[in-house]
Amino acid sequence: MILQEFFRPENLPFALALTLMLTLGLVQLIALLLGLGALGLESTLPDAATELDTELGIVPEGGAGGNLFSALLSWLNLGKVPLLVSLIALLFLFAFIGFNLQALLVLTLGLRLPAPVAAIAAGLLALPPLRLANGLLARIVPKDETLAVSQQVFIGRVATITLGTATAQRAAEARLLGPHGHRHYIMVVPDDPAARFTQGEAVLVVSRDDRGHYHVIAVDNPHLTAGGE
């Protein structure tokens, strides 16, 4: 019965989400066993696979839409934990809510929603618990949490691009060490619109814009190293 529900066309988005979540979790576990640390998966993901994460870092055009976008990211507590952790939590919540939503409709109304409609409903319903999950995970993993520090304290520090490719049109996730020696995760864009930085590159934080993105430049000094490795 469970397998039949899993493979129903109406439940396809949730089956795919659950499969992806389990795959990411397995790779994360292997990374831990290999001594790569809890974030070892970052360096193993190809750029194509990170596009889903970095979609959350698309640089908006600004204005009211940009402020609304930044407010949504802040409300979801994104940045308090690595984006990959948030992605795994979102996939679980999306699948869990989706399967149960369809099951509830079958029990009460004797029908299932079409896959696209069910996916939209489950995605919207997953946002509040995702916000809660990000907040709780930030407390569970204090070593990697983003502490409540001044937004300007990261300027002048060296960071490492961990997820995505930073371009003028799209922000990427970067990791650095804060003043208390804790890891922090920030969204960065090149200070030079023509520049681009890929996973693993070290960058220097030079400013922060009103959208919450940090502007970075290439690190020319070979003696400067990024924190949080």
_For segment 67-83, which positions are crowded, with 22+ Cβ neighbours inside 10 Å and in a helix (DSSP H, G or I)?_
Leu83
*Name the pairs whose Cβ atoms lie under 8 Å apart, with the first residue in segment 79-103 and in the same structural domain as Glu10 (by TED's automatic domain parsing) and farther than 14 Å from Leu136 by Cβ, the second of a type in the set (Val, Ile, Thr) and not in a helix (DSSP H, G or I), and 6 or more positions between them or separate chains?*
Gly79/Thr146; Gly79/Ile186; Pro82/Thr162
*Considering only residues that are assigned to a loop (DSSP other than H, G, I, E, B) and of a type in the set (D, E, K, R), look in segment 166-214 and name the one that is farthest from the chain's Cα centre (by Cα).*
Asp192
*Condition met for Pro179 (closer than 14 Å to Phe154 by Cβ, out of contact with any strand residue (DSSP E or B) (no Cβ under 9 Å at 6 or more places or on another chain) and not hydroxyl-bearing (Ser, Thr, Tyr))*: yes
_In segment 168-201, residue nearest to Ser74 (Cα to Cα) [restricted to those that are surrounded by fewer than 16 Cβ atoms within 10 Å (Cβ to Cβ) and among the aliphatic types (A, V, I, L, M)]_ = Ala168
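The values are calculated or read from the model by the stated rules, or taken from the named source; none is laboratory data. Please read these numbers as outputs of a predicted model, since none were measured by experiment. Note that we place each Cβ from the backbone using ideal geometry, even for glycine, and neighbour counts take in every protein chain shown.
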